[in-house]
Structure formats: C-alpha cells, structure tokens
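Here is the structure we will look at, set down as structure tokens.
The values are calculated or read from the model by the stated rules, or taken from the named source; none is laboratory data. Note that the structure is a prediction, hence the values are computed from the model and not measured. Cβ atoms come from the backbone with ideal geometry, glycine included; neighbour counts cover every protein chain shown.
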Amino acid sequence: MSSNLTFTRRSLSVILITQLLLLFTEIGIANSALILLVVIWANLNEKKVISNGVLNSVTVVAVLVSILSLGTAKSLSIFVSLLLIALALKLCQIPSVMRYQKIVVLSFFTTSLTFLFEQSIGIAFIVVSQWITLIACLLSLQNQTIRTLSKRRFKRHAIGLTFCIPMAFILVTLLPKLPSFWTMPTQNSAKTGLNESLDPFNISQLSNSDELVFRAKWSKSQPLEPLYWRAIVHDFFDGNAWRESHLMFFDTAKFKNSEIDYSVIVEPSSNKWLYGLNYSDSKHPQVNTNEFGTLFKTDNSLKNQFEYKVFSTSVKQEVLSDHQFQHYTRLPIANNMEARKLALALKRQSTSVHNFVTLLKTFFIENRFVYTLTPAQSISDNSIDEFLFNNRQGFCGHYASSVAFLLRAGNIPSRIVSGYLGGKLNSEHNYTSVRQFDAHAWVEYFDGMRWQRLDPTGWIAPDRMTGSILDSDTYRQQLIDNLGFNILGLNHYELLLDVQLFLDNIDYQWTRWIVTFDTQRQNEFFSDLLGQQWLYKTASLLLIVVLALGTLFFIWTRWQIRDKRHKAIIVFETIQRETNTRHLSPINTCILLQQRYPEIQQEINDFKQQYSEFRYGQVELSTSSLKKAHALLKYIKQNNKKSL
Amino acid sequence: MNQDIARIVKSLSLVILDKETEIKIALTCLLSKGHLLIEDLPGMGKTTLAHALAYTFGLNFQRIQFTNDLLPLDISGSSIYNVKSQSFDFHEGPLFCQLLLADELNRASPKTQSALLEAMEEHQVTIDKQTYQLPKPFFVIATQNPKDQFGTHELPESQLDRFFMRLSLGYPSRNAERLLIENNSNRRALEQTLFDTQALTELQKASQLTILADVVVDYILRIVEFTRNTNIVRHGLSPRASIAMATAAKTWAFIHDVRYVTPDDVYAIAPFVCAHRLGLTLQEFQQHILEKIDIGA
C-alpha cells in the first residue's frame, strides 16, 4: 500500500476520532465505542481484504446498536451515528486512490454534521482544521504537497478561493433567507436550565455550573438597579413544590411603553422560557408575552442560539379579581402547621401588608438564618416548618419558598419567580453575560395596588443582591469549591481576567454575528443600515453591483484582448476588410484602391506614402494623417453601401 | 529609381533587350556582394549579361568555360617549378579576377565545381598549404543549362546555397527579338565603363543603409518558417537564406530609391533568392509558398 494512501487513512481516522470526542454525548457511548473499534480495526487490518459479508453484518449490528442505545425518539443522533459508522466502514474496504478520494469528499459532509449540535467558535475552529486536513489528503492522493504544487496551479486555486469569499459574504448577508424545504428532526436532549417546578427542599446541592445561559446587549447603558431576570413564574403550590400554571402559556396583550430596551442572545436549552427584566415584551415574531410579563418562545425548541429584542417596563397597577386573589393565596393541603401559626401571629401584629413583610424580615434576621449552597435535604411534608424552626440554612429557593408560603398563609397573594440575578458586564462592548450560577428565585406579592418584588435572600445575604454571585466574596469561595477547578477560581489574576473577558467577547461576537444571523437579524441589520424598505434597496443594490461587476468584467476582458497595435494599422486593416484586399500588401492595396476610386487617387497616394513611411520607414504618423486615414475609411464604407 | 542605377539599367538594356526586371535582379545581386547563378537554355544571352555587367563596372574579368574534363587546378592555378630560382612559383589561374564568369558550370564534374566553393565563400584559394587571397571585389556569375540537358551534373545543394540569387532570362519578347535580328552587330557594342571599383564599393555600402523595419523582418521569418514546416520541399530555408533575403530586399529598395524596405520588396526578390535553394522553379516558389504567406498590413 502506497504511503499517500496510508497517510490519507490515518488522517481520516484522526478526523473521525476527533469528531467522536466532540459528539459522544450526542450519539451515545455505545455507538462511539463501536465506531472507534471499526476505525482501529481498519487501521490494524490494512493488508487483509475484508469480505463484504463481514462489512454487511457489522452494518446491521451498528443499526441495531444505534436504535437500541438511542431509542427511536433521537432520530437525529441515530442519523449522525449511522453516517459516521458508514464512513468508518468505508475505511475497511480495499484502499484505492479513487475510493479514498470519495471518502475524503464524503468526510467534508460528515465533519459538518458537528454543527447540528454545536455552533460555538471553538467547534467551528476544530471543524475548519478538519477540513484543512481533508484538503491535505486530497493533495496527497494526487501525489502532491503544497510545495510540489506548481505556482501556476497554486495561483489559480488561490484566485478562485479569493473570489469565493466576497461571493459567500454576499450570499450570507444580502440574499434574503428562505425557509428550508426540509428541516432536521428536532433534538430532544435536555440541557441544564431552570426547573419548571421549584422544590428547594428536595435538593441537597445546588448544581452550579459556569455554563453561559444568555447575554444581554444594552442599547444604552446597563440599568443601575439589580438585574432580576424573570423567566418562570411559579404561582401554583401543590403542598411541596411550586409549579407554573397554565397562565404561563397564554400570549396576552402587549405592554405599550418601554423603559429599557436591549437584546438577548439565549444559549440552547430544553426550556422555551426566555429572559427579561420586569414586565417585558418583544416584537420578535417567535417571542410571546404572558400576563406575568415574562417571555416564551412560540415553538417549543430552543435548540439553537436565539436572539430577540426586549422592551421592559416597570410594574403596572392592577386590580385582582376574586378568582385571581384565591389563586394566589391557595395553599392546598394541611401541612407546615407551625409556619401557618407563625403567619397568623404575624398577621395579627401587622397593620398593613408592608408591615407584615417588615415583620417577616425581622423574624428571619432575628433567628439568624444562614445562606448556604449546600443545604440539608428534606423529604418530609413539613419541610418549610423544618427549615423555619430547625435548620435555618438554605439558598434562595428555600427563602423564596418559605416566605411565599408565609405570605399566602397570611392571606397575601404571592408567587415565586425563578430566573437569574445579575450577570457579568463587559463594559467595553456593553453587554452582560449571565451564567448558570447566577440562577436565583425570589418572591412577588400583591400589596393591593401592584405586584412587588421581595427577595428574602437579600435579608440573609445582602451582598448577594447587588449583582452576580461572583462579586460577593463570601459566596465566591463556596461557589468555586462547588465548581471544582475553573478559570473563575483564578479571577484574582488581572491578566487571566483579561484573557477571560477577551475569550468571552470573541464568543459573544461569534454568536451575535454568525450563529444567530437569521432572517430577523438580517432584517434588523439592514433596516438600521438602509431604512425600512431595505429589501428593495438591497435587491436593487445587488442588481446594480452585479451589473456593474458584469460590465467591468466585460470591459476588462475586451481590454485584455484589445488590439494593442497602432490605430493606423487597425484603420488600414479595416479598409482592407471593407475592400476585400486582405491578401494584398499595403502598397498593392493602395494601388488597387486608386484604380477603384480614381476620384480620390491623390488622397490614396498620400495615404500610401504616409502609411509606408510610418510602417516601414520608422516615421511617426501625424494626427492629421490619421484623420485622413479615418476619412478614407469613411469614404470607402459609404461607397460600399451605395454600391450595395 | 536611383539615378546611378537608372543609368546602368539603361546601358544594360541596350544589350539585353526588354529584360529590365532581370537586369535589376542581377544588379541587386552584385550590389549585395552575392554570386549570381543564371540558368537558361544555350543562346539566351547569359554570357552577354555577364560581360555587360563586368564592363559596366570596369571589373577585371575572366571567363572559364566549364567542361566535363576540366580539373580544379585548371581554374585555381598551380605551382610550377622554376629552374632559375630552383623553387615552385605559383601561377594564378583564371580564378584570380574580380568578376568570374563560370560558363556552363554544371557541365563540370562535382570535383571541379567544388573547387569554386572555397573561393566563393572565403574569397581565397588554398593550394599546396598556401593560401592566396582573391582580389576584391570578387564575383562569380555562373551560368548553367537546365538539368534535363544532356551531359550535365546537378549542382550540389551546398554549392547552390552559396549562390545569392538565381535568375532565368527566358525568351525575349517578339519585338526584342526582332530588334536583335535587325541589329545583330550592336550586340557586343557595350564596351564603355560607367563606374570604377571604388564607386561600386560605395554603392554596395549605401545599399545596406536601407531601413529594415520589424514588420518586414517578421514577414521574412514567416516565409522561412513556412518552408521549414511544409512538406512541399524536402528541407527548409537556411539562416543564410533569410539573411540573403534581408540583404537583397534592402538593395532592391535602394535601387528603387526608397529609404526603407517594404514587404513588397521582399515579395519581389524572394523567388530569386529562395527558389534554387529549395529546388523549385521561380513560378513554383511563388505559387506554392509565397502566395500562401500573409504579407501583413
């Protein structure tokens, strides 16, 4: 087997293994292991011919393994894993240059499959490296390296590639994006995110990760108040967990006036809930607003990065109906009796709703509650009692849950909101990154006029309120212990902080301009740039550009093949063509013309003299002579027409 | 036409009637320092033309009648023992002249013909390891009978290539022949000298000052390349032929008193320069080669 075939096979194996490393969470360990085995087999077995029977049986096994390990629901993963195993099996066949060329070309498609699951800049970088390796394979199969490639060919390919770049740019940015005829089956794999039901007592450890949730790009500057990103409103208490009600799913009237506007880029997640401050609304066609002023996506999938614009307003005044009042004060089963007693006691002491809240705050502070990220787990029905009177240790969920319970027990309408608090501002580019560890839960209660935000965690850990948990020294160490070793742990070093900000910014720009550049963004981008009727303007601009380029190209080619000889020679040749005397020498032509046009005998004779002097006697032709030549040509042309 | 040349042509036309083109070609050859081959049937005036040219320019003239038993030494001369000085004295043969008329060259054996080779190209003769310079200028005007005539040897290609031009006088026109018959006595009347050797050298120099433009060189190159890439002839033209064409064209233009060469000049002289080198007749060369080449605008 020749060396270039070996090189190609090894490169393809490395590419395939790299892809397995990227995708093994998506296509499953069993499939990855099977593909890996086949790749190793192909590399060990290079001399032996593997019969088609064996290959076919391996294929059948692979199909079975895929379906059994992934289940029929994950059709996209099955599809990808089958393609990859097919590619691996291709490597087991008898090597030949033709066959390997086909495999390399197919690999361009299989490597791109990674983008179905991940579109970050890091992944893009790896996939582009894979492509470069594939190009090297193609060269190697032609017995070429970049050095042996002749300069002319190299130049030709380089020019071709250079022309592709503006072409690709125009196609991506200017061409209106049409909906696809066929879409990939949706992937149901769950990503971490907020839970739709909140039962903090069930959780022994808050799974804090530094995974990015979303970024918000401010149109002006970041608001000064604490950023409470509302996502899910839990208004239904089943006795143990706070759940969302059907009200979350109703698209309601839009909020008119906007106080803050910003756009949000959300990372993929399994939820359809989107994030906004206060009461939010968006004009994006795929974003809906419910009566709580939180946002959700019309279709259920958030499997790709998604960008939308948000307008936020402050809480509005409203009146609760009897039905609503009952809904927000409902406590279904008789449990946590101690807490109910406490609530009733406080209710008797209090003069108003605000006074009740103040009394609650005093209760929490006096009883020395402690904020922790690793609370004790409780499975009893009276978990709130346990928390309030025994444990007194917990995180935001515990405080929100118990305060909301106490408020409801005190006949005050309340609900829990989960979302994120704070985020890290990149002041240079004016955007805030919110990560998973910024997750938070707080309470909203109705004071008779409007819904008020109440964050009981702030009573216990006031520094938690000002922004990201990272800014509070007390909890940072706890958090870092929780996360394990992470770049965040090295935040004290200025340089690393800068590097982190820099990398985060690259990722932000990539997401903002490349991954989420869809019809909506295209529309906005060009509306900003060109005004409302950007599509017509772009289309006409495109047409003009294409026409101009075409004209330029035409002129350029004409100019390239233009007659570079002296004008007099061109004129003389035209005369010869007109008079059918191409076979004669200039002098004989003139003599013939003198016979044909005796009336201008003298002029022709002059021309003959001047032309011969110019052509053979190294005498410059004067402008007047050239004019006379033109005149002669004109005369002959006119005469020709007459005779016709 | 150049005034001097016009006088010569006029004077020569008294002897060779009604053959102005041929006379001009012969003059072109002489002014280009080339040797001339005249091919004709006997009695067409070959010798007369050679004579006339020699007399016109006042050249030292010798004539060798080539026969099949002529030996090389008969033309170059030989060393003869001198009894008095007890040494070999070299006795110059008829080759030592300014204008040599080699009459009926192709009747001699190739051996004798080749004796002319060195003389024609190097203008020198080597006998008994001794090299003798020939006088300057040195011209050979050779006449030959058509190949099909009895008792002729074909001239070798190497020798043909050394002849600058080949000329055929052809039959005279009816009127010219009438005059020839009536004034037979005038035939050799031309014995007056118009020029001396000095003047001839000056004319030769002046003729090469003619401008040769690139377009014309291109035309010459097109002709040469055509003969090299065609199967009409066995071998293409040599570089010596292309140089000869350029020189001849310059002289031709000079004779016509034009200070630059036109493709028409090349067209005019090309058959006389090239045909014999390719083994073609003038007409064949013109028809099969010259007419097929683009003369250019």
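Some points to look at:
- With respect to the conditions (1) surrounded by fewer than 16 Cβ atoms within 10 Å (Cβ to Cβ); (2) farther than 30 Å from residue A:116 by Cα; (3) hydrophobic (A, V, I, L, M, F, W, C), residue A:584 lacks only one, and its number is (1).
- Sole exception among (1) farther than 23 Å from residue A:586 by Cα; (2) over 20 Å from the mean Cα position of the chain (by Cα); (3) surrounded by fewer than 15 Cβ atoms within 10 Å (Cβ to Cβ); (4) among the aliphatic types (A, V, I, L, M) for residue B:233, by number: (3)
- The one condition from (1) hydrophobic (A, V, I, L, M, F, W, C); (2) more than 21 Å from residue A:516 (Cβ to Cβ); (3) surrounded by 15 or more Cβ atoms within 10 Å (Cβ to Cβ); (4) at pLDDT 75 or above that residue A:255 does not meet is (4).
- The lone exception for residue B:69 - which of (1) surrounded by fewer than 19 Cβ atoms within 10 Å (Cβ to Cβ); (2) closer than 21 Å to residue B:37 by Cβ; (3) at pLDDT 85 or above it fails: (2)
- Test for residue A:80: is it without any contact (Cβ under 8 Å) to a residue 40 or more places away in the chain and over 21 Å from residue A:138 (Cβ atoms): no
- In region B:205-225, the qualifying residues are those that are over 25 Å from the mean Cα position of the chain (by Cα) and not in a loop (DSSP other than H, G, I, E, B), and the one that is nearest to the other protein chains (Cβ to nearest Cβ) is B:215.
- Helices (runs of 4 or more DSSP H) contained in region A:91-183 and holding at least 2 residues under 30 Å from residue A:47 (Cβ atoms): A:97-112, A:121-141
- Qualifying positions in region A:343-385 - among the hydroxyl-bearing types (Ser, Thr, Tyr) and in contact with a strand residue (DSSP E or B) (Cβ under 6 Å, 6 or more places away or on another chain): A:372
- Residue A:642 being part of a helix (DSSP H, G or I), at pLDDT below 85 and either within 14 Å of another protein chain (Cβ to nearest Cβ) or exposed (fewer than 10 other Cβ atoms within 10 Å of the Cβ) (or both): yes
To keep it simple, each residue is scored yes or no on (1) surrounded by 13 or more Cβ atoms within 10 Å (Cβ to Cβ); (2) of a type in the set (A, V, I, L, M); (3) in a loop (DSSP other than H, G, I, E, B).
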| position | (1), (2), (3) |
| --- | --- |
| A:283 | no, no, yes |
| A:296 | yes, no, no |
| A:364 | yes, no, no |
| A:390 | no, no, no |
| A:398 | yes, no, no |
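- Identity of the residue in region B:236-263, among the hydrophobic types (A, V, I, L, M, F, W, C) and away from chain A (no Cβ under 14 Å), that ends up surrounded by the fewest Cβ atoms within 10 Å (Cβ to Cβ): B:243
- Test: residue A:120 is in contact with a Leu (Cβ under 7 Å, 6 or more places away or on another chain) and in contact (Cβ under 8 Å) with a residue 60 or more places away in the chain: no
- Per the listing B:32, B:78, the residue uniquely surrounded by fewer than 19 Cβ atoms within 10 Å (Cβ to Cβ) and small (Gly, Ala, Ser) is B:78.
- Filtering A:77, A:140 for residues that are of a type in the set (Ser, Thr, Tyr) and either within 30 Å of residue A:267 (Cα to Cα) or not assigned by TED's automatic domain parsing to the domain that holds residue A:48 (or both) leaves a single hit, A:77.
- Across region A:621-628, not a single residue is classified as within 14 Å of chain B (Cβ to nearest Cβ) and part of a helix (DSSP H, G or I).
- Residue in region B:245-252 that is in contact (Cβ under 8 Å) with a residue 24 or more places away in the chain, among the hydroxyl-bearing types (Ser, Thr, Tyr), outside the structural domain of residue B:46 (by TED's automatic domain parsing) and more than 23 Å from residue B:98 (Cα to Cα) present: no
- Beta carbons closer than 6 Å, at least 6 apart along the sequence or on distinct chains, pair a first residue in region A:554-578 that is within 14 Å of chain B (Cβ to nearest Cβ) with a second that is assigned to a loop (DSSP other than H, G, I, E, B) for A:568/A:621; A:569/B:297; A:570/A:563; A:572/B:297; A:573/B:297; A:576/A:582.
- Residue within region A:563-579 that is surrounded by 11 or more Cβ atoms within 10 Å (Cβ to Cβ) and among the hydroxyl-bearing types (Ser, Thr, Tyr) present: yes
- The set of residues in region A:582-600 that are more than 10 Å from chain B (Cβ to nearest Cβ), of a type in the set (S, T, N, Q) and under 14 Å from residue A:633 (Cα atoms) contains only A:594.
- Selection status of residue A:635, within 14 Å of chain B (Cβ to nearest Cβ) and at pLDDT 85 or above: no
- Test: residue A:360 is surrounded by fewer than 21 Cβ atoms within 10 Å (Cβ to Cβ), assigned to a helix (DSSP H, G or I) and aliphatic (A, V, I, L, M): no
- Among the criteria (1) more than 13 Å from chain B (Cβ to nearest Cβ); (2) in a helix (DSSP H, G or I); (3) not hydroxyl-bearing (Ser, Thr, Tyr), the one residue A:615 does not fulfil is (1).
- Here A:609, A:595 are screened, and the one residue that is under 17 Å from residue A:631 (Cβ atoms), assigned to a helix (DSSP H, G or I) and in the same structural domain as residue A:632 (by TED's automatic domain parsing) is A:609.
- Members of region B:264-297 found to be part of a loop (DSSP other than H, G, I, E, B) and either more than 14 Å from every other protein chain (Cβ to nearest Cβ) or in contact (Cβ under 8 Å) with a residue 12 or more places away in the chain (or both), listed by number: B:279, B:280, B:281, B:289, B:293, B:294, B:295, B:296
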